[in-house]
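All remarks here apply to the structure that follows.
The values are calculated or read from the model by the stated rules, or taken from the named source; none is laboratory data. Source: prediction; values computed, not measured. We place every Cβ from the backbone using ideal geometry, glycine too, and count neighbours over all the protein chains shown.
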Amino acid sequence: MKRISIFFLALSLVCKPLLKADEGMWLPMLLGEQVYADMVKKGLKVSKEQLYSMNQACIKDAIIIFGGGCTGEIVSKEGLIFTNHHCGYAAIAAASSVSHNYLRDGFWARNKQEEISSPGVNAQFLVKISDVTDKVNEKIKGMSAQELSAKLPGILTEMANKEVEGTNYEGRVASMFKANQFLFFAYERYKDVRLVGAPPESIGKFGGDTDNWEWPRHTCDFSVFRVYTNKEGKSAEYSVDNIPLKPKYYLPVSIKGVKDGDFAMIYGYPGGTNRYETSFGVKLKTDIDNPSLVGLRDVRLKFMFEEMKKDDQVKLQLASPYAQIANYWKFFDGETKQLLKFKTFEEKQTNEATFLTWAKGKSEYENLFNDYQKIYEAWRPYTKQRTYLNEGIFGSPILAFASQLLKLEAALIKKDAAKDEIAKTLEAINKARAAFVKAENVASDKNILGAVVQMFYNDVDAAQHPKGFYEWVKSKFGDVKTAKSYSALSDYVFSNNFILDSVKWKSFIANPDTASLHKDAAFIVAAAFNNNFNNNYLKYFTEFSAQNFYLGKTYLKGILEMNKAKKMYPDANFTMRVSYGNVKSYKPRDAVNYSYICTLNGVLDKYKPGDYEFDLPPKLLELAKNKDFGQYKDATVNDIVVGYITTNDITGGNSGSPVINGKGELIGLAFDGNYEALSHKIAFDKDLNRTICVDVRYVLWIIDKLGGATNIIAELDLK
């Protein structure tokens, strides 16, 4: 504990970015007196030990990593989990069929026997943390940029594995402040997680892509799961003999409601920010990276949506990947607009000028931005090609899978390759193929493949095209400037591959050879683009990445030295964080003033019978008409409060995070940010940043009145 205290002292003495309003995703184990005092000033009423303790049960013990990419919270003494609907979306879709369509109709287990196993979904609890900065620094001392970039991930993995050796825990060493600090985290993973409840998609995803990232937002974005253990209370694979988890701590649930100005705290696992990004990085993002991503995802979504509208089975099949692609399609578009609007590039340049003034005469830092300029100028000509490869060419599912066969090709041509090495590769490829075939929708993928290959031709520098590829397209299918030729190419790929033919696939797996691979049309296309990048341009990306990482580490080291008297927080990196702020209305533009809450009446205003995004179940309409609100009604507005906004600082990964009041009670679930502040990964806006939260009373009303799942309500500790 002494080491952690000293470590935080270093953190609390530095600052960049400067704290503005409620900015900051704080490590709860390292809050320090200054941050905690500010939380109390804003309305927190629980002690630091109640927030985080390694020696007694506390709020941190109720916070979980849900499914590997979201946050969830334990809300009952029998391991009940609340998280977002979009976090449970894949599990709900996997449990559904056309005859039992839980995405469309919702699902409510009336008892534990009706709960549905969710293979692949797990819950991770944080059990231990320690500072390993000195140990890591000893191992990386004297490394060059290339060595550090190449070896650090392996060093951190090896160290984490050693720390949990002989235990049932899983370890991770996380880099803080761009590899200037390192913390070890140990987690306990529970593998038996079951679906307990989910609203119909028309409620859980109400507003769809139109309302995504927008306020007011009327989505009831929640789902309910439960963690199970074996009879000894230990993690175990699914078994009918397993019992509900007996948690160390669970959150009580408040139905008092919120007022403008109320304290709000969000606990969870924010995935990633880059608030120390340079002006060079911002410009590359706004000029090339984001516009490319948006354009490529737009095409993929268009063709997927066309097929989803035609068939319920296809909608179930594509629901989860479509939602994932769509979410950040809109984000990247909004991020670019806000970065430009807020002149983030210019602000970064101002900050960098201040740094360079301080750095004069300091050899480690004074040439830092000259080096930055060189590496960005060297990489910039190739960045679009890499984006078009990953988001475009390999945005086609069949080409993405075919690219995995390159690993098999490498194993087959390797001199003196051991039989067991080839066998392991075949086993992995065969497993990946089974997952691919299950998820593949040929109709949409045909259109995607043709479109992205044409976009690569039109948008990427011709000198960077795969050598001879487009000449081959022209000789075989016609003019490379017309969509008709790419449609013909796509038809050819889907008619001349063994990947989708189970009989041919089994024959190939039984006796694999490179000649068969080189005759497969999907492999031919995937290999042409993949090999073009790997053979000619990967070296530039590797060099850029290594130098950018090394310079970033140096830059942060300088900022730590320059701002010794100011506090700071580390970038989000999917480690446990707490942010705090207040429920608060805002004015996004002239003559517009957004309330801090939105209500069921607003849901009804948006309702469009039969619409893909704004339809509603008849029972909800009936309950609303009869004002059957029960104990969940907000007396101030005489209605159900659907959602509210806070000033909390969050990012992706916080989806499903509990919103907690000053007494430590659950008042909602965080699920989105607002469009006007989508630059938040790089720059926090003190005036416009808002977190969109579903009010827990709307969640409970849906469970109770619409779902009739009073058994779930009975489990909760309502305040």
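Per the listing ASP520, ASP461, ASP491, the residue uniquely crowded, with 20+ Cβ neighbours inside 10 Å, assigned by TED's automatic domain parsing to the domain that holds LYS414 and charged (D, E, K, R) is ASP520. For the range 199-218, filtered to residues that are of a type in the set (Phe, Trp, Tyr) and at pLDDT 95 or above, the residue that is surrounded by the fewest Cβ atoms within 10 Å (Cβ to Cβ) is TRP215. Here ASN168 meets each of (1) in a loop (DSSP other than H, G, I, E, B); (2) more than 18 Å from GLY79 (Cβ to Cβ) with one exception, condition (2). From the residues in the range 110-136 that are assigned to a strand (DSSP E or B) and among the small types (Gly, Ala, Ser), which one is modelled with the lowest pLDDT? Checking each candidate, the answer is SER130. You will find that of GLY88, GLY69, GLY106, the residue that is out of contact with any Ser or Thr (no Cβ under 7 Å at 6 or more places or on another chain) and at pLDDT 95 or above is GLY106 and no other.
Can you tell me which residue is nearest to ILE448 (Cα to Cα) among those in the range 370-399 that are polar (S, T, N, Q) and in contact (Cβ under 8 Å) with a residue 12 or more places away in the chain? If we take residues in the range 370-399 being polar (S, T, N, Q) and in contact (Cβ under 8 Å) with a residue 12 or more places away in the chain, then SER396 is nearest to ILE448 (Cα to Cα). For the range 528-545, the criterion of a residue being within 30 Å of MET39 (Cα to Cα), surrounded by fewer than 18 Cβ atoms within 10 Å (Cβ to Cβ) and over 26 Å from the mean Cα position of the chain (by Cα) is satisfied by no position.
Scan the range 333-350 and tell me whether some residue there is in the same structural domain as ASP289 (by TED's automatic domain parsing), small (Gly, Ala, Ser), in contact (Cβ under 8 Å) with a residue 60 or more places away in the chain and farther than 20 Å from LEU551 by Cα. Scanning the range 333-350, I find at least one residue that is in the same structural domain as ASP289 (by TED's automatic domain parsing), small (Gly, Ala, Ser), in contact (Cβ under 8 Å) with a residue 60 or more places away in the chain and farther than 20 Å from LEU551 by Cα, so the answer is yes.
Checking LYS330, LYS343, LYS337 one by one, the residue that is closer than 26 Å to GLY673 by Cα and out of contact with any Leu (no Cβ under 9 Å at 6 or more places or on another chain) is LYS343 and no other. Restricting attention to the range 645-677, and to residues there that are assigned to a strand (DSSP E or B) and more than 22 Å from the chain's Cα centre (by Cα), which single residue is nearest to GLY268 (Cα to Cα)? Step by step, filter the range 645-677, then rank; the result is LEU666.
Rundown of residues vs (1) under 24 Å from PRO270 (Cα atoms); (2) among the β-branched types (Val, Ile, Thr); (3) in the same structural domain as ILE667 (by TED's automatic domain parsing); (4) more than 22 Å from the chain's Cα centre (by Cα), yes/no style:
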| site | (1), (2), (3), (4) |
| --- | --- |
| LYS162 | no, no, no, yes |
| TYR169 | yes, no, no, yes |
| LYS178 | yes, no, no, no |
| GLY197 | no, no, no, yes |
| ARG217 | yes, no, no, no |
| PHE222 | yes, no, no, no |
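When each of TYR632, TYR644 is tested for being in contact with a Cys (Cβ under 8 Å, 6 or more places away or on another chain) and modelled with pLDDT of 95 or more, the lone residue that passes is TYR644.
Among the residues of the range 306-328, those that are within 16 Å of VAL452 (Cβ to Cβ) and of a type outside the set (A, V, I, L, M) comprise GLU306, PRO321. Applying the set (1) surrounded by fewer than 21 Cβ atoms within 10 Å (Cβ to Cβ); (2) hydrophobic (A, V, I, L, M, F, W, C); (3) closer than 30 Å to PRO270 by Cβ to LEU616 leaves exactly one unmet item: (3). Contact map, the range 649-665: first residue surrounded by fewer than 24 Cβ atoms within 10 Å (Cβ to Cβ), second residue part of a strand (DSSP E or B) and charged (D, E, K, R), Cβ cut-off under 8 Å, separation 6 or more or different chains; the map is empty. Listed by first and then second residue, the pairs linking a residue in the range 106-125 that is touching a residue at least 60 places away in the same chain (Cβ under 8 Å) to a residue that is of a type in the set (Ser, Thr, Tyr), with Cβ atoms under 7 Å apart and 6 or more places separating them unless they lie on different chains, are SER117/TYR238; ASN122/TYR190; ALA123/TYR190; GLN124/TYR187; PHE125/TYR187.
A residue that is among the acidic types (Asp, Glu), without any contact (Cβ under 8 Å) to a residue 40 or more places away in the chain and outside any strand (DSSP E or B) cannot be found anywhere in the range 201-208.
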